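Following: one structure in structure tokens, then a few remarks.
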Amino acid sequence: MNFDLDQDERALQSAIRDLCKGVFPMETVRGLESSGGISAETWQALEDAGVFSLRLPESEGGAGLGMTAAVIVFEELGRALVPGPLVGTHLAKTLGLNQARVTFANRNDLVISHLDSSDAVAVVDAEGIWLISQNAIAGEPVALPLDPLTPVSRVSSLPQGERVNEGADVSATRLEASALTAALLVGIASAETDLAVAYAKERQQFGRPIGSFQAVKHICADMLTRAEVARAAVYAAGVHLDGNGDGDTARAVTGAMLLASEAAFANGKACVQVHGGMGFTWEIDAHLYLKRAAALIALHGGADTYAEEMAAAL
Amino acid sequence: MDLRYSESDERFRAEVRAWLAEALPALPPKPGPHDWDARRAYDTTWQRMLFDAGYAGINWPSEYGGRGASPTEHLIFLEETERAGAPYVGVNFVGLLHAGPTLIAEATEEQKAAHLPRILRGEEVWCQGFSEPGAGSDLASLKTRAVLDGDHYVVNGQKIWTSFAHVADFGELLVRTDTDAPKHKGITWLILPMDTPGIEVRPLRTIAGSSEFSEVFFTDVRIPVENRVGAENDGWRVAMVTFSFERGTAFVGELVRSMKLVEELAELARKLPRGSGSAWDDDGVRRELGLIAAQLDGLWHLTKRTITESERTGVPGIGGSIFKLYYSEVRHHLGDLAMRILGTAALATEDEPAVDHVRGWIHAMSISIAAGTTQIQRNILSERVLGMPKEPS
């Protein structure tokens, strides 16, 4: 048993963190609002870094890595608030599909994210994995999406699409989608903690930093705690999906998604609160993390779904 | 990262499991909660059985008679004993988990030889005389006074929350030996023989209805200077040294018990009638159970991270405080949910199905207070881990 990042995993983590710092500083991320969260250059940087292909074998241009590595990478993407159809594109690439960008949706969703900037929509349901070409979907863009960096479109119905899961394991793909989303969320939960702590150390009221008040620092301690427990669960989910777990894989993934959802959402709200009035302004980044968390959670079925799945395992 | 156990760890698990299957049926019947002599006998019998099988002091270094097990083996041992329903460490708690490790780190060879083997064999029971009525979270403000008189310290004062004091042979005692020094610098750590004249033990009844804890009063209690561990006025450091023994396993037994309890509660919810169905038909009940299960699983994973870290670095990381804080909250939630599911069944506290759940509900209230309250844990995490400024004093 070794439940800590090994040397390669650490190197991967710091490489992707550096990439995010270089390509996705917050000014750049905010600047992507006008282009639906994506620019040709930033997307190319993600492709070049192997974010989408890292689980393909080296012979197919990938890095031959597993879900543990993917989870480490997606945590960093979440931390940097990298926008775009990251999970769908990663899974499509892993399944051997050729589309440049694929967004994930549920069959009955009335709102689909990243529709305009994707080549196709992937739907995973009980029967299989379906790919629906973007131009076959009549979508109406929403002017003011909840997360300004996650553009969404209204749709009334989705065509059935083409079944693409020949030889693929549908339930495994579902679990992988959850684990990668959970990784994004845990990165967000950590970033929210860092943001709140930094502000609480700096902001002065009553002649001292507000972070010296227990009423404030205890909020931050709870944020750290939620993020760290969720991180342990998310890493465990990745390890289980690679076949190196110590328990039931579906349960590990479901639990990770539930804890990461709770952590990112609760920490997002706490981060706004710690910022006081400034937290209610558009200018401060706190709302962007919270809104991304809320969008990711909603797009992946909502926390109640995962709580029900956990209960069903009891 | 890899969560699988090594072959040698799996061998160790199989060995522990086989021994438990043989040993547990040989145990005498469990005594009632208020029969303290019988409880001491039961717990020390179990300790002797552990000793004979080579499992006493599982994480103690082998040079002091321990098994010198790795943190992973320690985790496996705690998991297996808890799952098998083996006795809790009970009255041996302080000796094995606090006083013993302190002696290993700080005592003279004579002191070690006098106590360590007897603790391991279950022949010596220890209690802890740290907290006072005026010194709880602010432990270093303790006032129980020790004045040197020839080759003895003369102790006057009062301790509280002394677990198992009425059945203990020795106590680890923190006393004030310098009233002028800053509060952390005037404390001394003494070995207290509980049969010394001038000690009065008054059991304290807790909200659980039982009396694990006592108040201990000291009137001119004479303790030989040779019972001092470490230097005079260096007792605060001596008392804190055991934290370096903590490798993330302190609450593993607790955690495994709670994981079992959440499964039992789910089963109970399916059985207990509510309206035309069962409590399980309530969306709120199911989802809260699901959340608690995920949170306990998360703590299991966190434990493995902490253990890996301590195996690598030799020191405990931040996992311990995070565990304590998060677990306390989850344990409260589990107890509260059990009370809601049980309804009036909770009022018959000694009956099935209430007994374990109601005990657990009350127990939760001690978990978030003992060994650093939830509020103190939040101070520790925010100040020492997140580097936030202290409150001005």
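The values are calculated or read from the model by the stated rules, or taken from the named source; none is laboratory data. These figures come from a predicted structure and were not determined experimentally. Heads up, the Cβs are rebuilt from the backbone with ideal geometry, glycines too, and the neighbour counts pull from every protein chain shown.
Residue-wise test of (1) surrounded by fewer than 21 Cβ atoms within 10 Å (Cβ to Cβ); (2) part of a helix (DSSP H, G or I); (3) in contact with a Cys (Cβ under 6 Å, 6 or more places away or on another chain); (4) among the small types (Gly, Ala, Ser).
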residue	(1), (2), (3), (4)
A:ALA143	yes, no, no, yes
A:GLN160	yes, no, no, no
A:ASN165	yes, no, no, no
A:ALA183	no, yes, no, yes
A:ALA189	no, yes, no, yes
Among the residues of segment B:308-364, the number that are β-branched (Val, Ile, Thr), within 14 Å of another protein chain (Cβ to nearest Cβ) and crowded, with 16+ Cβ neighbours inside 10 Å is 5
Some residue of segment A:42-54 being in a loop (DSSP other than H, G, I, E, B), polar (S, T, N, Q) and without any contact (Cβ under 8 Å) to a residue 12 or more places away in the chain:
no
Which is hydrophobic (A, V, I, L, M, F, W, C), away from chain B (no Cβ under 14 Å) and in contact with a Gly (Cβ under 7 Å, 6 or more places away or on another chain), of A:LEU54, A:LEU19, A:LEU95?
A:LEU54
Per the filter on segment B:365-393, residues farther than 15 Å from A:THR225 by Cβ and within 14 Å of another protein chain (Cβ to nearest Cβ) are B:GLY387, B:PRO389, B:LYS390, B:GLU391, B:PRO392, B:SER393
Scanning segment B:116-143 for residues that are more than 22 Å from B:VAL155 (Cα to Cα) and in contact (Cβ under 8 Å) with a residue 12 or more places away in the chain gives B:LEU116, B:PRO117, B:ILE119, B:LEU120, B:ARG121, B:GLY122, B:GLU123, B:GLU124, B:SER137
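Pick out the one residue from A:LEU12, A:LEU77, A:LEU19, A:LEU81 that is under 15 Å from the mean Cα position of the chain (by Cα) and assigned to a helix (DSSP H, G or I). So that I can check it myself, show each step before the final result.
On the way: A:LEU12 fails: under 15 Å from the mean Cα position of the chain (by Cα); A:LEU19 fails: under 15 Å from the mean Cα position of the chain (by Cα); A:LEU81 fails: assigned to a helix (DSSP H, G or I).
Of A:LEU12, A:LEU77, A:LEU19, A:LEU81, the one residue that is under 15 Å from the mean Cα position of the chain (by Cα) and assigned to a helix (DSSP H, G or I) is A:LEU77.
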Exactly one of (1) crowded, with 24+ Cβ neighbours inside 10 Å; (2) within 22 Å of B:GLU329 (Cα to Cα); (3) within 7 Å of chain B (Cβ to nearest Cβ) is unmet by A:MET223. Its number?
(3)
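Report yes if some residue within segment B:17-37 is part of a helix (DSSP H, G or I) and either touching a His at 6+ places or on another chain (Cβ under 6 Å) or within 29 Å of B:TRP161 (Cα to Cα) (or both); otherwise report no. Lay out the reasoning, then the answer.
Taking segment B:17-37 as the starting set, the residues that turn out to be part of a helix (DSSP H, G or I) are B:17-26, B:36-37.
Okay, now just the ones that are also either touching a His at 6+ places or on another chain (Cβ under 6 Å) or within 29 Å of B:TRP161 (Cα to Cα) (or both), so B:36-37.
Among the residues of segment B:17-37, at least one is part of a helix (DSSP H, G or I) and either touching a His at 6+ places or on another chain (Cβ under 6 Å) or within 29 Å of B:TRP161 (Cα to Cα) (or both), which makes the answer yes.
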Per-region count, segment B:284-301, residues over 15 Å from B:THR72 (Cβ atoms) and at the interface with chain A (Cβ under 8 Å from one of its Cβ atoms):
12
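Return the only residue of B:GLU172, B:GLU232, B:GLU246, B:GLU226 being closer than 25 Å to B:VAL91 by Cα and modelled with pLDDT of 95 or more.
Details: B:GLU232 fails: closer than 25 Å to B:VAL91 by Cα; B:GLU246 fails: modelled with pLDDT of 95 or more; B:GLU226 fails: closer than 25 Å to B:VAL91 by Cα.
Within the list B:GLU172, B:GLU232, B:GLU246, B:GLU226, the selection yields B:GLU172.
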How many residues are touching a helix residue (DSSP H, G or I) at 6+ places or on another chain (Cβ under 9 Å) and in a loop (DSSP other than H, G, I, E, B) when one looks only at segment B:187-211?
6
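Of the residues A:THR173, A:THR150, which single one is at pLDDT 95 or above and either part of a helix (DSSP H, G or I) or on the phi < 0 side of the Ramachandran plot (or both)? Break it down stepwise before answering.
Values: A:THR173 fails: at pLDDT 95 or above.
The conditions single out A:THR150.
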What is the residue count in segment A:122-137 for residues that are assigned to a helix (DSSP H, G or I) and either in contact with a Pro (Cβ under 9 Å, 6 or more places away or on another chain) or in contact (Cβ under 8 Å) with a residue 12 or more places away in the chain (or both)?
2
